[in-house]
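S.K.: Sharing a structure, written as structure tokens. Questions coming.
Nothing in this text is a laboratory measurement; each read-out follows from the coordinates by a stated rule. What you see is a predicted model; the values in this text were computed from it and never measured. Reconstructed Cβ throughout: ideal geometry from the backbone, glycine too, with neighbour counts over all protein chains shown.
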Amino acid sequence: MSIEFYYLDFFSIISLIFLSLSFVKNFDQKKQKIFVNADYEHYPNTWDEMFKNDGKVRKSYKFLEKFLNNSSFESIKEKQDFSDQFFMNQGITFTVYDNDQGIERIFPFDILPRIIKPNEWDTIEKGIIQRVKALNLFLKDIYNDQYILKDQIFPSRLLLTNPYFLTQMKGLKTPLDVYTHVSGVDLIRNNDGKFYVLEDNLRTPSGVCYMLENREVSRKLFPSIFPNQNVSTVSSYPQVLYNQLASLVNKSKPTIVLLTPGSFNSAYYEHTTLARLMGVELVEGKDLVVDNNFVFMKTATGLQKVDVIYKRIDDEFIDPLVFNDSSYLGIAGIMNVYRSGNVVLANAPGAGIADDKASYVYVPEMIKYYLNEKPILNNINTFQLGKPDELDYVLKNINKMVIKKTDGSGGYGMLMGSNSSDEEIDNYVKQINKNPSNFIAQPTLNLSTTPCIIDETLSPRCVDLRPFAIFGGEGIKVCPGGLSRVALKKGSLVVNSSQGGGSKDTWVLEKNHNVK
């Protein structure tokens, strides 16, 4: 019996050894094949940021291909877990206002960077500078001489029906004639490989701190890769912003504050982080007071005069004596101080008329009118539903359209015709018919895709790009990178975090990089 016992035990051990070897072999095979290019499922008729149509990897992504082929899923998962924990520890969150189960969410982050070549960035940068310059001239004109109306380039009706046009700004002189101090221009790459402007954000554009934190975690995740890729820096953004705001007043050490609506705002994390990185005070309306036609900040040692306010609250809440009289977020009397030239507000009140989706249609004409130049970055073909013929065309082709409210943001209140039910379309058409001028429509686009780590494999997901521009005494500075937002749901075109989107770090390669 004892001999049989050891005999069986011997074979049991041999079997376990073979099972172990088989597991290791299979695991090694899985490690090697999990990122094989042949398994990458391209979206049809779509430009992929990493892979060409023939499946070959673009030259700018060769280092990433090498990294993936030398990595196991286990190591990739460890990096993803590290990034999730990093964002959790940093408190990097966003707010979803219509979720009954809780509004705070950790911002989803995919560890694989999105790469932009030097020549591509050169076009983007020049195009954004051109666009911001033209939009700023438009704002100066529309609040003063209104030549663009007299020459019938921009329709007067858009002013009469637009809530973002503030008559209180008419004739008001802004320092250095700058209205658009901070801009976020949303870009998409279509299936032709070219970048197009999706929309302009000139009121309180957000996302810059996600860009900064994405870069910080990338440095930690890729310590041996990042320094060798000649990636342009984004970390100087807070200092550039501070310098540009400081240049707006004739004072060696101006007092600059960042005005936030408070901790319940969806971008509060960004407000606190930017204030800290800029070295300025984060204030709410209750922390400021108007006295003798100046703005003062309450401090432990008394009142301190404020020179520049980087406002992150909407115009309607800035002054209850002028706009929304029920607002507790702003400062009573601040518009009088602003009109007197005793404080700078950035961005200027009323800038929203330039980034309204109805005004977007006319930006190429603004560029030609004010700069006598051809647009470097083109608009997406856009239909104004206030025009009967365009409304008729859109309604007949609604399954191929994306329809948006002209004052909408965050991905809320829009219709994706191709992904909507008949009932959803019918209900939306009823809204349109009540006031067609409040809507625009664009053809459904094939946003470029970028590889993401999804369910233990490499999968394409749609992506856009929001670069940030800062306008001040040093001209227009565009941060070399921006926020790449990713639609993490398969097949989705909606990249907004409030609608299930996430983000990636954006690596702009410097000109001395060998990628062409």
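S.K.: Once phi is turned into ³J(HN,Hα) by the Karplus curve 6.51 cos²θ - 1.76 cosθ + 1.60 with θ = phi - 60°, what whole-Hz value does each residue of segment 436-450 show in order, with x for glycine and proline?
M.R.: x, 5, 7, 9, 10, 9, 9, x, 5, 9, 9, 4, 4, 10, 9
S.K.: Given a cut-off of under 8 Å on Cα pairs at least six residues apart, what relative contact order in percent is computed for segment 381-444?
M.R.: 50 percent.
S.K.: Among 326, 183, 247, 60, which comes first, then next, by fewest other beta-carbon atoms within 10 Å?
M.R.: 326, 247, 60, 183
S.K.: Next question. Starting from 0.36 nm per residue, how many nanometres of slack lie between residue 167 and residue 326 once their C-alpha separation is accounted for?
M.R.: My answer for the length gained is 55.3 nm.
S.K.: How large is ³J(HN,Hα) for each residue in segment 480-486, as worked out from phi by the Karplus curve 6.51 cos²θ - 1.76 cosθ + 1.60 (θ = phi - 60°), to whole Hz, x for Gly and Pro?
M.R.: In residue order, the calculated couplings are x, x, x, 9, 8, 9, 10 Hz.
S.K.: For the chain, what does -39500 (n - 2.57) per DSSP helix run (n ≥ 4), summed and divided by total residues, give at 222 nm, in deg cm²/dmol to the nearest 500?
M.R.: So the helix-based figure for the chain works out to -10000 deg cm²/dmol.
S.K.: Note down the relative contact order for the chain as a percent, whole number, built from C-alpha pairs under 8 angstrom at least six residues apart.
M.R.: 23
S.K.: Can I ask one more? Ordered by residue, what ³J(HN,Hα) values in Hz, to whole numbers, does segment 194-207 give under the Karplus form 6.51 cos²θ - 1.76 cosθ + 1.60, where θ = phi - 60° and Gly and Pro are x?
M.R.: Using θ = phi - 60°, the values come out as 9, 8, 10, 7, 8, 6, 10, 10, 10, 8, 9, x, 10, x Hz.
S.K.: Roughly what % antiparallel, to the nearest 5, for the DSSP beta bridges in the chain?
M.R.: 75
S.K.: Could I ask something else about it? For residue 419 and residue 90, what does the FRET efficiency come to when R0 = 30 Å and r is the distance between their Cβ atoms, rounded to the nearest 0.05?
M.R.: For residue 419 and residue 90, the calculated efficiency is 0.35.
S.K.: Another question about this same structure. Relative contact order of segment 158-267, please, whole-number percent, based on alpha carbon pairs below 8 angstrom and at least 6 residues apart.
M.R.: Rounded, it is 18 percent for segment 158-267.
S.K.: Compute the distance from the alpha-carbon center of segment 385-454 to that of segment 322-362, in whole Å.
M.R.: 29
S.K.: Related question: Quick query: amide H of residue 48 versus all other amide H atoms, modeled in the peptide plane; which residues come in under 5 Å with a sequence gap of 5 or more or a different chain?
M.R.: Under 5 Å from the amide H of residue 48 lie the amide H atoms of 449, each far enough along the sequence or on another chain.
S.K.: When a/c reaches 1.5 or more, the comparison of a/b and b/c decides; with that in mind, is segment 381-444 rounded, prolate or oblate per its Cα gyration tensor?
M.R.: Rounded shape, in that the Cα axes give a/c under 1.5.
S.K.: Distance between Cα centroids, segment 256-291 to segment 173-220: provide it in whole Å.
M.R.: Each part's Cα centre sits 20 Å from the other's.
S.K.: Then there is this: Take 128, 432 and order them by how many other Cβ atoms sit within 10 Å, fewest up front.
M.R.: Listed from fewest to most nearby Cβ atoms, that is 432, 128.
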